[in-house]
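Colleague: I am attaching a structure below and will ask some questions about it afterwards.
Each value in this text was obtained by applying a stated rule to the coordinates, not by laboratory testing. None of the values given here were measured: they were computed from a predicted structure. Virtual Cβ from ideal backbone geometry, glycine too; neighbours counted across all protein chains shown.
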Amino acid sequence: MDPLILPIVHLNGTSRTELIQVRRDAAYAVHNAIDSLCAMSPNGRDYYPVRGLFDQARDQHARRLEYLDGIYNAIVAEVMALSDEEPLPGDA
């Protein structure tokens with residue numbers, strides 16, 4: 001995974017609460033996308049007329065899930081890191 005690059009929470013910037021909330025919203029959206037993608041898992045009955053096509057579809061599906069899972073985990077890591085920081089004076 002790439003190094004985590006976090007925003008700096010300070011008085012002139014976006015509040016820690018908002019930084020966390022927008023990331024939580026994004027994480028929920030990606031999680032919903034993962035659920036939707038799982039619902040469209042390839043079914044062998046839809047590919048059997050062409051030899052090897054189901055394996056290709058299954059591999060493609062796995063890659064898509066892997067991409068979304070990586071995005072989800074990166075966003076959750078940001079939320080956790082931002083949540084663990086010490087509060088600043090005036091931080092909402």
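Colleague: Out of Asp46, Asp25, which single residue is of a type in the set (Asp, Glu) and under 14 Å from the mean Cα position of the chain (by Cα)?
Modeller: Just a single option satisfies the conditions, and that option is Asp25.
Colleague: For residues in the stretch 8-23 being touching a residue at least 60 places away in the same chain (Cβ under 8 Å) and assigned to a loop (DSSP other than H, G, I, E, B), which is nearest to Leu82 (Cα to Cα)? If you could, list the steps in order and put the result at the bottom.
Modeller: Pass one, the stretch 8-23, residues touching a residue at least 60 places away in the same chain (Cβ under 8 Å): 9-11, 15-20.
From the residues that got through so far, the ones that are assigned to a loop (DSSP other than H, G, I, E, B) too are 9-11, 15.
Values: Val9: 9, His10: 12, Leu11: 15, Ser15: 11 Å.
Here the answer is Val9.
Colleague: I would also like to ask the following. Does Arg51 qualify as being of a type outside the set (A, V, I, L, M) and surrounded by 13 or more Cβ atoms within 10 Å (Cβ to Cβ)?
Modeller: So Arg51 does not fit the description; no.
Colleague: Just give me the residues in the stretch 17-48 being among the hydroxyl-bearing types (Ser, Thr, Tyr) and either loosely packed, with under 15 Cβ neighbours inside 10 Å or within 27 Å of Leu6 (Cα to Cα) (or both), in sequence order.
Modeller: Of the residues in the stretch 17-48, the ones among the hydroxyl-bearing types (Ser, Thr, Tyr) are 17, 28, 36, 41, 47-48.
Across the stretch 17-48, the qualifying residues are Thr17, Tyr28, Ser36, Ser41, Tyr48.
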